[in-house]
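Asks: Sharing a structure, written as structure tokens. Questions coming.
The values are calculated or read from the model by the stated rules, or taken from the named source; none is laboratory data. Quick caveat, the model's predicted, so the values are computed rather than measured. Cβ placement follows ideal geometry from the backbone for every residue including glycine, while neighbour counts extend to all protein chains displayed. Accessible surface is based on the protein model in full, side chains and every heavy atom, while ligands, DNA and RNA are left aside. Shrake-Rupley method; radii C 1.70, N 1.55, O 1.52, S 1.80 Å.
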Amino acid sequence: MNDTDLLLRIQCSDMKAFDLLYNQYWHPLFSFANKLLRSYDDAQDIVQTVFVSIWERRDTITIQQSLESYLFQAVRFQSIKKLESLLSSPEQIDRIQEDLLPVFDGILNRLQEQDLSRQIQKEIAGLSPRTREIFLLSRQYKLSIGEIALKLSISEQTVKNQLHIALKALRHSIALVLIFYAN
Amino acid sequence: MMQLQRLKNIVSNYLSGQSSTEEKAIVEHWFREAKEASDKDTDHGQYNERKMIALRNIKAAIQMNPGKQYRLRWAMAASVISVIFAGYLFRNNLRNIMGAPAMYTVVTNQHQVREIILPDSSVVVLNVNSRLRYPEKFNSHRNVELSGEAFFDIRKNSTAAFTVKASHLDVKVLGTSFVVSDDRATETARVTVKTGRVQVVVPDARQEPLSILSASQQFTYAVRRREGKTERDVAVNTEWTSQLLVFRNTPLREVFAAMEGSLQVKIVSRNEEINKRTFTGSFLKEDDIAGILNILSLSYGLKIKQTGNLIEVN
């Protein structure tokens, strides 16, 4: 039975179809909610709420995409609502500090790194071709100033000057981070 | 490390649709990373017990809130029996076909308090916004389901235990009177004993409570913390059980509609100015229709004319 038929039968109050839906989606939904909130109990709660609400609102449910994405969307929504209520209950503080904050912290750090590297790429792209070439040889290919001078048949002083221009062009903080990561 | 307050802002902004680009990205990453991790989690048998328990909970919740086919049946029947049954009683025929005993469900709205006589002549008074489900006939167990608040005065039968299944609590008795207050959304479920002894079971509690209660004792269960506690010498509030209709700043239009539902009368009030005025107060079971009309007419200076079951308001 495909999802459209399944939904249609549920809308006709067919409890067997509802059981089929449950058996098909329990595991992925429960596992997803559990990965979000790091709690089996909360995950179970969320899946229960989602299925009860599907049954109760079966008359009015219209599904735009697939039944699967509708269910996952419902779990996403219930999970963030649950997170909101966890955040406002003092007895959950420990658990949030230990299990949930580090998750969000990690995401924030990764996003900031991504942002930074994207910004740096943009600024490198804006350098003059010559400066960019010297800069990349130095930072990406890790060539020494002497090696770059030899390779491009220019003086070491010119290489130094060009690198100086590059680092000045890339904003100070970004350059520092780049040097930090590159080394 | 991210501060708690920062996370709170991220979550509440997301829910109110006011996220900054970064906040939105954080939440979406949270979703995406969890989805990727769960896609790798393919051991389907791992949580089978939980899966069964969850389905049982879902079914219990669904049955407390009957669905389409019942509502439809109800609507058809209501036109015929509304005068007799005030419209809130219906029979679940589907269950009958399936071999289980027929179940009755009684629902009260925000104005109604209803008295129900169970098959064993026990009496239940259902407070406003509540729902009671019970079988047409009891067998060796007397089981009913409650969502909301109700006072139970249960006939003694030492061979058939009486159990109230509420959203978070099960209350088991042999014969006694008590109040149960519990629904799915509640933060605190409560059982208060007026006479006799009851046993409270909380399937979800962290610790099984010491839960034989006797007269004037009250058990409260904090749903979020999953903890129960028992108090002694509690005054049992059963005043509301003598009420019939309860109104708080209710437009008279609704008051009239509720009276029609509970008192088997038809009220005609065409003056919208009157219908919009609000009423706060309650009518008791012993109040008769004439007394109630008298109160309303004195309070609002209304002219009320009663002809049999037809009441005209001017």
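Conditions (1) at the interface with chain B (Cβ under 7 Å from one of its Cβ atoms); (2) within 26 Å of B:Asp41 (Cα to Cα), marked per residue:
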{"site": "A:Asp5", "(1), (2)": "no, no"}
{"site": "A:Asp19", "(1), (2)": "no, yes"}
{"site": "A:Trp55", "(1), (2)": "yes, no"}
{"site": "A:Thr60", "(1), (2)": "no, no"}
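Asks: Okay, moving on. Mind checking whether some residue in the range A:66-78 is more than 9 Å from chain B (Cβ to nearest Cβ), open to solvent by less than 40 Å² (accessible area, probe 1.4 Å), closer than 14 Å to A:Ile10 by Cβ and among the polar types (S, T, N, Q)?
Replies: Within the range A:66-78 (the criterion being more than 9 Å from chain B (Cβ to nearest Cβ), open to solvent by less than 40 Å² (accessible area, probe 1.4 Å), closer than 14 Å to A:Ile10 by Cβ and among the polar types (S, T, N, Q)), the answer is no, since none of the residues qualifies.
Each row is one residue, and each column tells you yes or no for (1) at pLDDT below 85; (2) of a type outside the set (Ser, Thr, Tyr); (3) under 30 Å from A:Leu6 (Cβ atoms).
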position: A:Asp59; (1), (2), (3): yes, yes, yes
position: A:Gln64; (1), (2), (3): yes, yes, yes
position: A:Glu68; (1), (2), (3): no, yes, yes
position: A:Ser79; (1), (2), (3): no, no, yes
position: A:Ser85; (1), (2), (3): no, no, no
position: A:Ile107; (1), (2), (3): no, yes, no
position: A:Gln119; (1), (2), (3): yes, yes, no
position: A:Glu123; (1), (2), (3): yes, yes, no
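Residue-by-condition table, conditions (1) at pLDDT below 90; (2) open to solvent by 60 Å² or more (accessible area, probe 1.4 Å):
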{"residue": "B:Asn9", "(1), (2)": "no, yes"}
{"residue": "B:Ser16", "(1), (2)": "yes, yes"}
{"residue": "B:Tyr47", "(1), (2)": "yes, no"}
{"residue": "B:Pro66", "(1), (2)": "yes, no"}
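Asks: Go through (1) surrounded by fewer than 16 Cβ atoms within 10 Å (Cβ to Cβ); (2) outside any helix (DSSP H, G or I) and name the single condition A:Leu127 misses.
Replies: (1)
Residue-wise test of (1) buried (at least 20 other Cβ atoms within 10 Å of the Cβ); (2) assigned by TED's automatic domain parsing to the domain that holds B:Gln243; (3) assigned to a strand (DSSP E or B).
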site	(1), (2), (3)
B:Asn143	no, no, yes
B:Ser147	yes, no, yes
B:Phe152	yes, no, yes
B:Lys172	no, no, yes
B:Arg184	no, no, no
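Asks: Next question, about the same structure. Scan the range B:273-299 and report the pairs whose first residue is over 16 Å from B:Ala257 (Cβ atoms) and in contact (Cβ under 8 Å) with a residue 40 or more places away in the chain and whose second residue is among the small types (Gly, Ala, Ser) and part of a helix (DSSP H, G or I), with Cβ atoms within less than 9 Å and a gap of 6+ or a chain change.
Replies: From the range B:273-299, the pairs are B:Leu284/B:Ser242; B:Lys285/B:Ser242; B:Glu286/B:Ser242.
Asks: Taking into account only those residues within the range B:208-221 that are modelled with pLDDT under 85 and open to solvent by 40 Å² or more (accessible area, probe 1.4 Å), which is nearest to B:Glu187 (Cα to Cα)?
Replies: Top of the filtered list is B:Glu208.
Asks: If a residue must be open to solvent by 50 Å² or more (accessible area, probe 1.4 Å), among the polar types (S, T, N, Q) and in contact with a helix residue (DSSP H, G or I) (Cβ under 6 Å, 6 or more places away or on another chain), how many such residues does the range B:269-313 contain?
Replies: Number of matching residues: 0.
Asks: Is it the case that the range A:33-46 has a residue that's open to solvent by 40 Å² or more (accessible area, probe 1.4 Å), touching a Ser or Thr at 6+ places or on another chain (Cβ under 8 Å) and either within 9 Å of chain B (Cβ to nearest Cβ) or without any contact (Cβ under 8 Å) to a residue 40 or more places away in the chain (or both)?
Replies: Looking for residues that are open to solvent by 40 Å² or more (accessible area, probe 1.4 Å), touching a Ser or Thr at 6+ places or on another chain (Cβ under 8 Å) and either within 9 Å of chain B (Cβ to nearest Cβ) or without any contact (Cβ under 8 Å) to a residue 40 or more places away in the chain (or both), one finds at least one in the range A:33-46, hence yes.
Asks: It is to be established whether one or more residues within the range B:153-175 are out of contact with any His (no Cβ under 9 Å at 6 or more places or on another chain) and among the aromatic types (Phe, Trp, Tyr).
Replies: no
Asks: Further question: Residue check: is B:Arg224 closer than 30 Å to B:Arg184 by Cα, assigned by TED's automatic domain parsing to the domain that holds B:Val202 and surrounded by fewer than 17 Cβ atoms within 10 Å (Cβ to Cβ)?
Replies: yes
Asks: Of (1) open to solvent by less than 50 Å² (accessible area, probe 1.4 Å); (2) in contact (Cβ under 8 Å) with a residue 24 or more places away in the chain, A:Leu116 satisfies all except one. Which?
Replies: The failed condition is (1).
Asks: Just to be sure I understand, how many residues within the range A:79-108 are among the polar types (S, T, N, Q) and at the interface with chain B (Cβ under 7 Å from one of its Cβ atoms)?
Replies: The qualifying residues number 1.
Asks: Right, another one. Being at the interface with another protein chain (Cβ under 7 Å from one of its Cβ atoms) and open to solvent by less than 30 Å² (accessible area, probe 1.4 Å) is the filter; apply it to the range A:21-32 and report the residue that is nearest to the chain's Cα centre (by Cα).
Replies: Once the filter is applied, the top-ranked residue is A:Phe32.
Asks: While we're on this one: Taking the range B:1-13, which residues are farther than 17 Å from A:Asp105 by Cβ and at the interface with chain A (Cβ under 7 Å from one of its Cβ atoms)? Before you say what the answer is, go through the steps one by one.
Replies: If we filter the range B:1-13 for residues that are farther than 17 Å from A:Asp105 by Cβ, which is where we start, we get B:12-13.
Scanning the range B:1-13 gives a single hit, B:Ser12.
Asks: Restricting attention to the range B:232-268, report how many residues are assigned to a loop (DSSP other than H, G, I, E, B), more than 20 Å from the chain's Cα centre (by Cα) and surrounded by fewer than 16 Cβ atoms within 10 Å (Cβ to Cβ).
Replies: Total satisfying the criteria: 4.
Asks: Quick one: in the range B:16-42, which of the residues that are within 9 Å of chain A (Cβ to nearest Cβ) and either outside any helix (DSSP H, G or I) or in contact (Cβ under 8 Å) with a residue 24 or more places away in the chain (or both) is nearest to A:Lys35 (Cα to Cα)?
Replies: Restricting to residues being within 9 Å of chain A (Cβ to nearest Cβ) and either outside any helix (DSSP H, G or I) or in contact (Cβ under 8 Å) with a residue 24 or more places away in the chain (or both), the top hit is B:Asp41.
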